[in-house]
Structure formats: C-alpha cells, structure tokens
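Let me give you the structure first, and then I'll get to my questions.
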Amino acid sequence: FKTAFIVSNIKDSETFSRITLTIGGESAEPVGLLWKTKLQTLSIFTPQIVLNNKTGEKEIFVQDTSNNIYLLNSAGQILFTKNIGEPILDKVHQIDYYNNGKLQLIFNSAHHVFIVDRLGNDIGSYPLRLAGTATCGMTFYNDRYYIPCSNGSIYGYEATGKPLVGWSPRSGVGFIYEPVLAFNSGKIDFVLALNNAGKLLLLDGRGNIKWDIDNLPLVKQDF
C-alpha cells in the first residue's frame, strides 16, 4: 500500500479504528507515525481526501459525533472547524461553484445541503433546506445533484440550489437508501436508482421513467 490512514476512537475500555488504504507505490522502509490530530469528540465518519486547488496538495475532511466538521492539511494541522448541527450522509464532493478554478466542499445531511469553502464559510444561499428528509447521500454529477428522500421522491438541483427542470420532484420511485447513479449515454443524461422493494428504475435527465425492473435482490448495489 502507498499510504494508510487510521482513525481510532477510545471510549471506556474499547478502541474502535477505521483504516483507509491507498493501493500503489514502490516498496519503502517503514517510517512510523507521521502525525496525529485530536478531534473534539469521537468520529465514526470515514475521513475523505480532498484537493487544495491552490497548491495541488491533498487535504483531509472529517466529522466528529458532535457534528463538527474539520479540514486538515497534509501535516495534520486543522485548517478550520465548524459545527453544522447534523451528521453528514455518505460522501463529500468538491465543486467549482463560481467557475473560477476554486473548489468548495458540497455534502448533505438528512435535512440540508451544505457548500463551504476552505475556511468553512457558507457559499451563496447555502445551507439549503431540503423539501423532504434525505435517506442517503447525494449524487453529484455535472454541476447538479440528486437526493432521494423519505417521501418516495428523488429531488434534483442545480449547483445554485435551483430545482432541476423536469424534477419537481420525481415522485413515485419508492424508498431509496443508496445514492443513485447519474451518467451520460451519448448526448442523454440518465439516473439509475434501486428502491427498497427491489425495483430498478432508469430515468432520463427530465425525470421521466424510461424503464423499470421488479424483484431484484435487496443488496447493496455498486453501480
């Protein structure tokens, strides 16, 4: 492995560790612990590697159980800490909100979508209050994003927070607990979603259902 990133939480007499491994790189002599950073509380969030657009260096994003988010540089120094009041669902993505080459962080909780810059400042009109309760993390694709909610609908938004044309929202898709897949085939955008009844649905870029298949196995799908 090229790198190993380990987060350990100690509570009472038990230790819980989460390890992220990066494959690749040539063999090298062990160098031991490079650094460690103490968070304010425990963390069950898998740390994510994000890009510093100014320097090209990799940085680390993490959240603790008190809903504080942190951005750390490659030396483990905390660049900012911010409490967002809710746990993040699934992954954090990067977005060039102003189309000027500067990257921000976009992610969602059960009730809000957040975009913050590298100093932890909110961007534009964010955080955006969701119309429903999100059941999983967003799918970020081509400066837009899709979020399934507990009312059986998939909501689609532009990066500005404006609802996508045709997604008003896309209702009647059932309960979806895994992020959908957004992709392009030829000149047409599609969204693929699997609900908790085992129905797989293919929707076009305006939310129209192109086809669906019933009674698929209820397992985690890696589209």
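The values are calculated or read from the model by the stated rules, or taken from the named source; none is laboratory data. A quick note: this is a predicted structure, and the numbers were derived from the prediction, not measured. Counting neighbours? That spans all protein chains shown, and the Cβs are built from the backbone with ideal geometry, glycine included. Side chains included, ligands, DNA and RNA excluded: accessible areas come from the protein's heavy atoms. Shrake-Rupley method; radii C 1.70, N 1.55, O 1.52, S 1.80 Å.
Work from the charge dipole of segment 1-127 (Cβ charges, +1 for Lys and Arg, -1 for Asp and Glu, about the Cα centre) and give the residue of ILE6, LEU72, THR20 farthest towards its positive end.
Comparing the listed Cα positions along the dipole, LEU72 ranks first.
What net charge is computed for the residues neighbouring GLY120, neighbours being all others with C-beta under 14 Å from the C-beta of GLY120, Lys and Arg scored +1, Asp and Glu -1?
-1
Between PHE175 and ILE213, what FRET efficiency comes out of the Förster formula 1/(1 + (r/R0)^6) with R0 = 25 Å and r the beta carbon distance, rounded to 0.05?
Computed FRET efficiency for ILE213 and PHE175: 0.90.
Taking every pair of Cα atoms in segment 98-223, average 1/r, invert it to obtain the Kirkwood radius, and report Rg/Rh to two decimals.
We get a ratio of 0.98 for segment 98-223.
Placing unit charges on C-beta atoms (Lys and Arg positive, Asp and Glu negative, everything else neutral), compute the dipole magnitude of segment 72-186 about its Cα centre in debye, rounded to 20.
Value, rounded to 20: 80 debye.
So, counting K/R as plus one and D/E as minus one, what does the shell of residues with Cβ under 13 Å around TYR155 add up to?
With Lys, Arg at +1 and Asp, Glu at -1, the neighbours total +3.
Counting pairs on different chains as well as pairs 8 or more places apart, how many Lys pairs in the chain have Cα atoms under 23 Å apart?
Pairs that pass both the separation and distance tests number 28.
How large is ³J(HN,Hα), in whole Hz, for each residue of segment 118-135 in order, when computed from phi with the Karplus curve 6.51 cos²θ - 1.76 cosθ + 1.60 and θ = phi - 60°, using x for Gly and Pro?
Values, residue by residue: 6, 9, x, 6, 5, 10, x, 8, 7, x, 9, 7, 6, 6, x, 8, 5, 9 Hz.
From the P(r) of the chain, could you give the percentage of C-alpha pairs in the tail past 27 Å?
Every Cα pair in the chain considered, those over 27 Å come to 41 percent.
Another question about this same structure. With just the Cα atoms of segment 1-109, tell me how far they stretch along each of the three principal axes, in Å, largest first.
For segment 1-109, the Cα extents along the three principal axes come out at 43, 38, 22 Å.
How much solvent-accessible surface does ILE10 expose, in Å² to the nearest 10, with a 1.4 Å probe and all protein chains in place?
About 120 Å², ignoring ligands and nucleic acids.
With the Cα gyration tensor of segment 162-213 giving a ≥ b ≥ c as the square roots of its eigenvalues, does the rule (a/c under 1.5 for rounded; else a/b larger than b/c for prolate; else oblate) give rounded, prolate or oblate?
Oblate, since a/c reaches 1.5 and b/c is not below a/b.
Using the Cα centre of segment 39-110 as the reference point, and only Cβ charges (+1 on K/R, -1 on D/E), how large is the resulting charge dipole? Debye, rounded to the nearest 20.
160 debye
Can you work out D for segment 97-170 in µm² s⁻¹ from Stokes-Einstein, where Rh is the Kirkwood radius over C-alpha pairs, the temperature is 20 °C and the viscosity is 1.002 mPa s?
171 µm²/s
Quick check of the Kirkwood formula: for segment 35-77, what is the inverse mean of 1/r over all pairs of different Cα atoms, in Å?
10.9 Å
A further question on this structure: Calculate the dipole size of the chain relative to its Cα centre from +1 charges on Lys and Arg beta carbons and -1 charges on Asp and Glu beta carbons; express the result in debye to the nearest 20.
280 debye
In addition: With θ set to phi - 60°, apply the Karplus curve 6.51 cos²θ - 1.76 cosθ + 1.60 along segment 144-152 and write out the HN-Hα couplings as whole Hz, x wherever there is a Gly or Pro.
Once θ is set to phi - 60°, the couplings for segment 144-152 become 9, 8, 10, 9, x, 10, 6, 8, x Hz.
Calculate, in nm to one decimal, what GLU86 and ARG206 gain on full extension: separation in residues at 0.36 nm each, minus their alpha carbon distance.
40.2 nm
Another question, then. Ignoring ligands, DNA and RNA, how do TYR98, TYR145, TYR155 rank by accessible area with a 1.4 Å probe, largest first?
From most accessible down to least: TYR98, TYR155, TYR145.
Excluding SER8 itself, what net charge comes from residues whose Cβ is under 12 Å from its Cβ, given Lys and Arg +1 and Asp and Glu -1?
Residues close to SER8 contribute a combined charge of +3.
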